[in-house]
Each structure stands twice: as structure tokens, then as C-alpha cells.
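Presented below is the structure to which this report refers.
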Amino acid sequence: MNGAQALIRTLASLGVEVCFTNPGTSEMHFVAALDAVPELRAVLALFEGVATGAADGYARISGKPAATLLHLGPGLGNGIANLHNAKKAHTPMINVIGEHATYHRAYNPPLSLDIAGVAGSVSKFVRTSEKLAELVDDTVAAYRAAVMRPCGVATIIVPADLTWSEGIDSISPVSTTSPNQESTPRETDADLRLRAAAAALRGGDSCTLFLGGSALTKAGLVAASRLANAFGAKMLCESFPAVLHRGAGIPPIDRLAYLGEYAMMQLGGTKRLILVGAEDPVAFFAYPSKPSRYAPEDAEVMVLAGLDEDSEAILEQLVELLGVGGIEPTLQAALRPALPSGPLTGSAVAAAIGALLPEGAIVSDESITVGVMAPAATAGAPAHRWLTLTGGAIGQGMPLATGAAIASPGSKVVNIQADGSAMYTIQSLWTQAREKLDVTTVILNNKSYAILEMELDRVGAEPGGPRARSMLQLFPPQIDFASVSRGFGVPGVTVTSGEELVAQLQHAFAEPGPHLIEAILPQGIS
């Protein structure tokens, strides 16, 4: 085998099933090797940011790492925003980055870049393979790094001459097990943290369970709800969780508000903030005369479960330790809003989705300002999973939906998508059409970067004049998303009323395959 064939076979032997790719010249031997390894599904993206975002969505839903194949440093650079989001989501992912041949790098060719330096900003593991004999071991090391908690992005950089060089006879079976905890001291520390959290809850002081990661599965939420009900504690979760299980029959949980004023109100009165698979909550940005941390200054911050631990299991251990397994959790009642009618607003869109969301759906939420009411409107819909913009780098919603649909082909995927951020990775529609993915995209077209209109005031800047305001408006010309969608091969329609939106959602949910619905809304913040 040559190096490319060996690398792909190694990935397949490790259980990697999908590679999202946008290759170039340095990766042609990988492309040529794909036919020989049918176990690895290759999915073409027209932009690297779609490939990296789709790999993130796939791994969040499947629980297994996907691979990406990117072209040199500039290709990695094009995908880095969604690699940043994947890093913040603790998503397991393996980037294979083509590099100039080992002997060619010395000539400083036009596409030369410090790939390792760029990759290091978003990767927990970076390695450049310099010898053919090391390539398989380097690939295995990248996989193990990606899946070791806290999971993350691993990057392997492969010079072109290694991919075409032959000399690897076979791939030995590789164990995919990788220890996530090393020794007794970590277990002892975990026991101490369990006992400390138990004492805090028993103590009666105002406790808040702040949840993230695997604590946001149905089982994790049930355990947390039992603890909250038994001891009068609050439950909150991260503002932007990687995956949140929610809907009828699942304990409801409020997300920490994006706006600091509301977040501090939610945490107000907390004496002990118990972190369960989450970090101490802080503001997205600094604002004049406003604090960076949201917890009260006098609150004790306690770690029950770190990012490298199974938060769901630790919550269940705490339930057992405290003997509250018989306490009934609070479960979300089945409840749907009325179907909207009349002119479209953000609340009307939220109501339509909440009224019609199919059971088992996956929602990719990059709705930014207009969709702020969607979580409340869908709270009582049938059980579903909610994916959010973990790292705040916009342009994630459409690729995330694409990867999620590949990971769970039996689920209806709904992408609630702001118009401005849609334009960052609109090429996702082409991949959805090519792969016949069951994704319904609802574009919230308010013709503006409304979040920035709000932030212009919040940061204390001078009131914007016509030139400043024009930098936040998406017209003229007005973007025709329905036409763009049809150009990419996805049926696209424009709706202006609640009745039209309901009819188009019903059609899209009944018919497999990708659809786009452009909802025309009042301009700006409504």
C-alpha cells in the first residue's frame, strides 16, 4: 500500500465512517484511494468551513469522530471558524491536512504556511508525519487523542510524498479503547468532589447545578432534576450547549441567558455553584462597567464533574449517594403552541416550528436574535435534540445540520437559520442536495445583522449614523435565499405569512430530502 491507502484503511479500522472533504493537489492520492476503502464514506463540501462544521455536527449526534480532508494551510484556514466551534463543543474530530512534499517545502512554494501553528490554535493534538513508517502510528495517535476526554480536534499533517510512497504491507487490528482517567488519585479526587457536592446540597444553602456536556442527556437531566427537587436547588445549563435533549417527557432546563444582565439574574442568590461538565460561566464579551463573571462574587464555585469525566454517570452516582432515587423528576408536559396566522414575526416562526416539530427531530439553531423565542415555543414538542453555536463563530448552523443528517438518517433535521450567518456557509445546501439529506432550513430573513444592531448600543458606542447603520444592513441588494437555494439544487420557497409558513413546513416535514423556506420578517430587531 501507499501512504494514502494505509491512512484511510487505518481510519476505517478505528471505526471512522465518514470523511468530509475539500481536497486539492496534495490530497489527490487520498482521493484515488477512496474507492479501495468503501467503509469510509466521503462527502464533498464546496468550502472547508462546511466540511469542518459538518464533521462537528456528525460527531455531536453519532458520538463518533468524523474525519476531514483539507488542502494545505489555506484550506485549514478556511475551515478554522467551525473548528473553533468544535473545540468549544469538545467534539471528537480528526483533521487530515495535506502538506507539500518533504523535499519541496524548502523551496517556499506559494501555498506554504505554518500548518502546525494554525492547527494548534484549535487542536488538542497536532503531529506532522515525516516518515512513511510513522504514518499509521501517527493516525492511531490522532484518533486516540480525539476521543480521549475531554474530546477534541486532532490534526495530522501528511506530506504529499508520504501519500504516494509505497511500502506498508498491512494494517494490524487497532484497539479503539483509550483510558480517559489514569489512576487512583483521579478516582479519589472524584469521590471527594462527590461528597463535597452532597454536603452542599444537604446544607440547605442556595445551590445551582450548572450543567454541560453529557449532563444534558435525558438520563443526566433526570438525575439533576431529582437532586434539584430533593434539595430545592436550581438547574441551569450552558448558554450554548453542544447537544441538549429536550421536549415532552424530559426534564426541562433553562439555558443561561446570552445577555449578562439576565444571566446574573438567573444566578442571583446562588451561594454554591456546582459545575457538572461545564465551566464557570463568563460573559461572551467585555462591556463597560459590567462584570466578566456571572456568578455572585460571594458564591463558592465547586466542580462536581470535570470536562474529562462522564457527567451523566456522576450525577447518577450523586443521586445514589444522597438516596434520592425515589424522588420524582419534573418532566416537561406535552404542549404545543397554536398555529400562527397573519404577518410573519419571530414569534410566529417559533410557534409554527413548535406546533409541527416531528418526534425525534434534531434542531440546529443559529437563529441569533429572531429565534430567541424558539426554545420556549418548542419546549413541549415531542422529544428532540437541540444543537447550538458553541463557540460563537457564526456560519455553523447549516454545516452542523448537514453533518447531523448524515449521522442520523432517520431523523428530521431542522435548521433555524439567521440570514446573515447563512451566507458564511450557504454552500452547505449543495452538499445536502448531493447527499439527499433530510434537512429543512428555515431562513429568518430580517435583512440585517440584528445582533450587531443590539451590540452597537450595548457596548456604549456612539449612536450609529447612516454609514454605521448601513454596515449592519443586508440590503441593497436584497438576498433572494429561495433562488440561491434552488441554484444549489434544494427546493426553495419564500413565505410572508403564518399560513404560508405552516403549509410549507408541513410539506417539508412530510417529504424526505432537503428543503429551504425563506421567512420574510420585519427588518432588524423586532
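Couple of notes before you dig in:
- C-alpha center-to-center spacing [the stretch 89-113, the stretch 450-510] in angstrom: 37
- Secondary structure note: in the stretch 346-520, about 5% of the DSSP beta bridges are antiparallel.
- DSSP beta bridges in the stretch 219-342 [antiparallel fraction, %, rounded to 5]: 10
- Volume in Å³ per residue [convex hull over Cα atoms, computed for the stretch 346-520]: 110
- Of interest is the spacing of the C-alpha centroids, which for the stretch 52-88 and the stretch 370-426 amounts to 16 Å.
- Contact order relative to length of the chain, as percent, for alpha carbon pairs under 8 angstrom and 6 or more apart: 14
- Annotation: the antiparallel percentage among DSSP beta bridges lying fully within the chain is about 10.
- Net charge of Cβ neighbours under 14 Å - reference Ala101; Lys, Arg +1; Asp, Glu -1: -2
- Listed peptides 518-524, 223-229 appear in the order 223-229, 518-524 once ranked by packing, highest mean of other Cβ atoms within 10 Å at the front.
- Per-residue packing, averaged as other Cβ atoms within 10 Å, sorts the ranges 276-282, 70-76 into the order 70-76, 276-282, beginning with the highest.
- Net charge in the neighbourhood of Leu456 (other residues with Cβ under 10 Å of its Cβ; Lys, Arg +1, Asp, Glu -1) is -2.
- In the chain, a dipole from Cβ-located charges (positive for Lys and Arg, negative for Asp and Glu) runs towards its positive end, and of Ala418, Ser165, Ala66 it is Ala418 whose Cα lies farthest in that direction.
- Scoring 441-449, 120-128 by mean Cβ neighbours within 10 Å over their residues and listing the highest first yields 441-449, 120-128.
- The chain, dipole about Cα centre (Lys/Arg Cβ +1, Asp/Glu Cβ -1), debye to the nearest 20: 640
- Label selected from (1) 37, 32, 22; (2) 42, 30, 25; (3) 43, 25, 23, the criterion being semi-axes √(5λ) of the Cα gyration tensor in Å as computed here: (1)
- Helical runs assigned H by DSSP (4 residues or longer) give the chain a calculated mean residue ellipticity at 222 nm of -11000 deg cm²/dmol, each run adding -39500 (n - 2.57) before division by the residue total.
- Two-site FRET efficiency, Ala133 against Asp308, from Cβ-Cβ distance with R₀ of 25 Å, rounded to 0.05: 0.20
- Annotation for the stretch 213-264 versus the stretch 285-302: alpha-carbon center distance of 20 Å.
- Mean separation of Cα contacts under 8 Å (6+ apart) over length of the stretch 184-322, as relative contact order %: 31
Quick note: the coordinates plus some simple rules give every number you see, no bench work behind them. Small disclaimer: the values here were computed from a predicted structure and weren't measured. So basically every Cβ, Gly included, is an ideal-geometry build from the backbone, and we count neighbours across all protein chains shown.
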